[in-house]
1. Is it the case that some residue within the stretch B:384-392 is over 23 Å from residue B:279 (Cβ atoms), touching a Lys or Arg at 6+ places or on another chain (Cβ under 7 Å) and crowded, with 18+ Cβ neighbours inside 10 Å?
2. With the condition kept exactly as written, say whether any residue in the stretch B:131-153 is assigned to a loop (DSSP other than H, G, I, E, B), more than 30 Å from residue B:985 (Cα to Cα), of a type outside the set (Ser, Thr, Tyr) and more than 9 Å from every other protein chain (Cβ to nearest Cβ).
3. I'd like the full set of residues that are assigned to a loop (DSSP other than H, G, I, E, B) and either modelled with pLDDT under 65 or touching a Cys at 6+ places or on another chain (Cβ under 9 Å) (or both), limited to the stretch A:113-133.
4. Specify which of the listed residues (A:424, A:442) is more than 24 Å from residue A:89 (Cα to Cα), assigned to a loop (DSSP other than H, G, I, E, B), touching a residue at least 40 places away in the same chain (Cβ under 8 Å) and within 18 Å of the chain's Cα centre (by Cα).
5. Any idea which residue in the stretch B:686-705 is nearest to the other protein chains (Cβ to nearest Cβ), counting only those that are surrounded by fewer than 21 Cβ atoms within 10 Å (Cβ to Cβ) and touching a Leu at 6+ places or on another chain (Cβ under 7 Å)?
6. Which fully enclosed helices (runs of 4 or more DSSP H) of the stretch B:869-986 have 3 or more residues being touching a strand residue (DSSP E or B) at 6+ places or on another chain (Cβ under 9 Å)?
7. Of B:367, B:313, which residue is in contact (Cβ under 8 Å) with a residue 40 or more places away in the chain and basic (Lys, Arg)?
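The values are calculated or read from the model by the stated rules, or taken from the named source; none is laboratory data. The model shown is predicted, which means the values in this text are computed figures rather than measured ones. Cβ atoms come from the backbone with ideal geometry, glycine included; neighbour counts cover every protein chain shown.
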Amino acid sequence: MKTKPWQINRRTMLRGVGVTMALPFLESMCWGRPSSSPAPTRFCGLQFPYGCGTPVSKDPKDKHYEILQKENWGFGATGSRKDFQFSKVLEPLEPFKSEVTPLLGLEHASNIANRTTLHGASDAFFTGTGIGALNLQNSISVDQLLANHLGVTRYTSYVFGIDGGIGVAGASKTLSYDLRGAPIPAQSDPRQIFDQLFRADKQKAVLDGLVRDKSVLDKVLAESKSLANRLGKQDQRKLDEYLESVRHLEQRIERRKLWFDRPMPQVDASKLDLGAEDPLGYLKVMFDLIVLLMQTDMVRYGTFQLGSQGNNGDLGRHEMWPHKLGILPDKNDWHGFGHNPNLFISKWVRVLVEQYAYFLKRMSEIQEPNGSLLDNTAIVFGSANYVGHTCGNNPIVLAGGKNMKFKHGQFLDYSQSKDKPPLANLYLTILQQCGLPTRSFADSTGVMGDLLA
Amino acid sequence: MNASVIPSHTPSRPGAGPRSDGFRCGGRESKFLLLTFALAILSMTARLPGQDKAVTQSFDGPRSLSLFREKVAPLLQKYCAECHGETKQKQDLRLDHLNPNMAEGTDGELWHDVLDQLNSGAMPPKAKPQPTKSEREVLFDWLTAELNRAAAQRNSTGGRVVLRRMTQYEYQNTMTDLLGIDFDFAKGLSPDERSRNGFRNNGSTMKFTSEHLRHYIDTARRALQIAIVTDEPERPVLHSNKTPNNTVLRLNRSTKPNERVWVPFAKGILRVKVKVRPFNDEVQLLGVAAGREGDRINDLKLIDEVEFRGTKRAPTADWPKGEVALDHWYSLGPFSGSLDEDFGPEKKPLALQGKFPAGGKEIAWERRPDVVEGYAHRFSPGDKHCTYFSRNIKSQDARPLPISLGCRDGVKVWINGNEVLSSSKGHDQKAKFAVNLNKGDNQLLVKIHNLGRDGLMYFKCDAVDPPPDFESQEFTLDVEMATCPKQETKGSDEPAGGRRHLYIGAWDANDIPFQSMLNLSSNSSAEDLPDPKGFIIESLEAAGPIVDPWPPKSHSQIFIPSPNSGNEKVYAREILAQFMRRAWRRPIAKAELDEMAAQYETNRADLEFVAAIRETLVAVLSSPNFIFLIEPTADTKSVALTDHELATRLSYFLWSTMPDETLSRLADSGKLRDPAVLRRTVSDMLSHGRAKNFVKHFTLQWLKLDLLEKTSVDPKVFHGYESRLTRDMVQETLCFFEEVLRKDMSVLTLIDADFTFLTRRLAKHYGIPFPKEATRTLGQYVRVSLRDEPHRGGLLTHGSVLLAGSDGKYSHPVRRGAWVLDRLLARPPPEPPPNVPALDAASPNSEKLTLKQKLALHLSSSACASCHEKFDPFGVTFEHYDAVGIWHETRKLVGSTVETVDAIAQLQDGTTLDGVPGLKKYLLSEKRDVFVEGFVRYLLSYALGRSLEYSDRPTVEQLTRQFGKDAYKISALIQALATSDLFQRK
């Protein structure tokens, strides 16, 4: 059994949640005005499903290798660490070449060791837990670990996904997992997100509502406890999910009460296309919301799932998108799309990279006292699959966080090196640079010095 | 070692003699291994149903160990032992040390790796001897079966129904029945995921998150605010969009045919009276829809619709009256050519007779009652085509008549043969011009030269209309305002409860809704005015709110009449007692009532009486006692359900909602368990209208059709395919299943039948003649005989199933094949392995391959083949049916090659199936028992809300036997299931 250092701090952490809360960063700095106080650190995790071909293969005769290499449609770059050229997939990142680091060859060793199913690997992308075919229990994700310890803002984290909800283990619709390893439902509707997160709690009625909610929760909590005594073990475990959600809502209510009197930033929604339904418009507004949330310092840590894996015949929303955009010419057939060596998936991922570049552009345009919002945010964009929809060798682009000592403008390819750092090392590095003094995360073996200035 | 000395299905004694041979290992290890094997066998065989609840099995059970011993171990010895055996342990892996019992042992994940290596062809190494195809199959089948068993065991519920919350649809139904209001209770709740066995009501798969609790609390509060009324009924007011506080909205045909109405109230009913005048006697639909401002047509929610057809009006003698009177329009065309070309009618402008050559055929003037004054008439003659319109104008004296004529293309106008207008760039309707009329008959001739695809003609003048051909009809549509989406508030002048935004509109004969409803502005130009297809709206009135009775039933069933209604404290208790009894589906203990009453007291401290009750009810509806279907038991032994638990199980099984009053009273009386009573109850429940919920949810989940309506059909391939066709297809399947259930036909009818249910639309789609006597057409499903339809009959030929097995563009034989194996033969294909090598489909000619060649490619990869050869052949038999279920003899390949469809498939065992008829025959003969048992398993799984396990096997076998004796009647199976121990005990 591995020791997980953050578990030792559990008590401290629990005390930290919702109760002892520092003043929001914004209050001391007044939005946008220069101030001497340092800007906060932030993290954003983005993941896309089904992977993308990397121009690297264990077997140079591999068909994938050939086709991707020839056309330069692999995910990654060519050249040396310092002097490199983006592949066609990453080309949209050209304006941000000095702000990003393409990373190849990282993977969750635990995934590989536990024969994680190719779909299940997505569940574990930000947790690093080895989800086997037989064991689907997950553990806490990077963003939640940060949120639990450092979440001093109005909301501790944002959990977005284009499909929404939690899905099922092995085909999750969220990237974030709580301390127990339970999935946190992702929000997918831009309008709902805006209404919920930016609506000012000005009326007394809202506060009354919170009091009412608390009263309902107290009542049902008491009821569930007495009910639990009359249930068998099996049923008790199910009821635990209910109890946990009661506690979760209670925490949210406590937090809202604490923040009730603090002014809500006034946000102009007129430029947001909250009703966007076309793929590109939708992704754009979701990224706009994330920028807005971080810019106003309402929240600092979170994830946005750029698509989920199909479950038992149910397809996710994004699975229609490549066809809609005319990238997948003939068929709406993800199975063939994912498993066959073709350039379609690379072309689709390039579309996502374009949206990612838009996100980076927005982030870099927002000025904070010590640089841009991008300089204060570590962003991971990647997939738990690589070519042919298989596990391992994760395609990743790290961006931002210069003020957190991240060094960019380099291409790090570990795929051929003998001791590849586990993907968890990247997360450990991010955790530490975000200000969380933890010594390990999942199966990490140390920080990635290559990434740091 | 060889464990053959240990009888495989009886408990072994520890130390039962080992004998070393074959797959052996020496010394200490062998003893260890033996012990492992022996223990494994012990634990497997000790688990006879009912004996040990703690250890359970997947449905397929522990047959695999003997298989391992006899078949698998020797193969591993033969092909793997050299490197992964006693002498060498490459990669530290020694196969004879792995525990073959994956369920209880710890080596499951390692075995999984063995399967993947084998699958991907990586092992045994290419240079070493390879297992034969049949040996590969033995290994593959054992590994898959054992892994499945292990996975099932991890998720085992111990053969018990697990505590489960209501599904999304059960919550919707239950709240509707409980509160008695029409409301979208489940809106915003993320849908329940499909479990491994396909059902969404599986307690182990269903998760509960804070998102759910948040939803339940908010929804209960919102819904109770509608159900409970605090004010006096509003007086009905007539509403209009133009003058919000004025009296009546009246639309006559000089304004607009379709109109939006702002409705400033949220409760009660808006009564919409619409007067329409049809142009023909076809069946048409008129409807009211609600939506937010700016919503697109497809976002609107249809609230109510009415079907009607025109009735001919008796000819009247009182026309023409007035100074100038118009006759109907006639049209002639299209003719291909320029505006200046005379196609014939200009030579003899006063005659509407004769034939004119156009596009190789002869055409004649056509009477057009649908070209209505004051509306933009749309037509599609094609680019650079001319169309003539002509009408007679009767005048009492010679005089000029000012007319408005709008069109966007080239136009010429003649009166009595004299050209009065000629323009190549169209004409603005606002630029009125006069035509000189003679006394008596005058002929107005208009010629429009179309530029582009669509043509448009608008005409209006101050004259008496022609008498309508058909009678006007008036309809009343009631709109429950609570069901309408709320308009987002923008200003502070919003009425309480928010505004609702309604659209009144029509479907044309092709059933395309609301196409012309939007884009209505007060300054409509000719282009903005929609073309009335089959009728126009003459007038429209909307009045409300109408609440009858007052207070509504939703209120009075909570605030029950009571002699104690003056005594708040006592009355509150009465209210709570009776509401909790209904909501929690069981009698309420005094302690529970006391606690809830205390909650009420807390609320009452700072809330009015009604509000305090309402808040307390929010807690009742957020409680696990409501949300979950609870069957408390701390007992490790199985015990009988209480009467109320049984009533609840039955109700959610057959109705997908809470028990009604009759069922509850039966449970109260304690007689429900009486076999005769139970039998009658089940039979009554099945004939109740609510049993439609069973038909719907069981059928759609079993056949995996519940998301079909989201399938987008490629409009570029299937021109004119309407999404309503998909709905019709789903309904076809539901009506069909319901008929088999209600008419007590054999379940085998589902595979092959000589009837189905069609709408006129669907019949046209399939190319099946629709019975003439079926007059009501559009929304109505009519039983149609298929005796003369060789390509239709049974589920396999339903559009729903065929569309589900497609990608909306092409048929998808792999998906169809897997569906047959999974749903009809109850053998779900296993999950694909983690690292699937790609097919060699990169060759540029792959598009030109025939389907069979493509599938052969699939089967040439050993990793894919082991699974795909089990179901791909089934898929081939469907090849005559395209993505939307139309039967074709031939098919076009890329380019212009046409191939004759080859739907002959060869199964793994050599059986040849010729198309769907061959597949049906195969299912009904060779696979009849498998299908029937599979159906029993799926039904049982749905009824219990859990996956089946090994311990359920005897029940399944017994039910299947009984099913056979009952001539495979589904109702009989449901009866038997309801009386089985599995259903009766917890």
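1. Start the filter on the stretch B:384-392 by keeping residues that are over 23 Å from residue B:279 (Cβ atoms), which leaves B:384-386.
Going one step further and asking which of them are touching a Lys or Arg at 6+ places or on another chain (Cβ under 7 Å), we end up with B:386.
Subset that is crowded, with 18+ Cβ neighbours inside 10 Å: B:386.
Yes, that holds for at least one residue.
2. Initially, the stretch B:131-153 is screened for residues assigned to a loop (DSSP other than H, G, I, E, B), giving B:131-132.
Within this subset, residues satisfying the condition of being more than 30 Å from residue B:985 (Cα to Cα) are B:131-132.
Then keep just the ones that are of a type outside the set (Ser, Thr, Tyr); that gives B:131.
So of that shortlist, the ones also more than 9 Å from every other protein chain (Cβ to nearest Cβ) come out as B:131.
Within the stretch B:131-153 (the criterion being assigned to a loop (DSSP other than H, G, I, E, B), more than 30 Å from residue B:985 (Cα to Cα), of a type outside the set (Ser, Thr, Tyr) and more than 9 Å from every other protein chain (Cβ to nearest Cβ)), the answer is yes, since at least one residue qualifies.
3. Residues satisfying the conditions are A:114, A:115, A:116, A:117, A:118, A:132, A:133.
4. A:442
5. The qualifying residue nearest to the other protein chains (Cβ to nearest Cβ) is B:696.
6. B:915-924
7. Exactly one residue qualifies, and that residue is B:313.
Here's the yes/no breakdown for (1) within 18 Å of residue A:125 (Cβ to Cβ); (2) of a type in the set (Val, Ile, Thr):
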residue: A:397; (1), (2): yes, yes
residue: A:435; (1), (2): no, no
residue: A:439; (1), (2): no, no
residue: A:442; (1), (2): yes, no
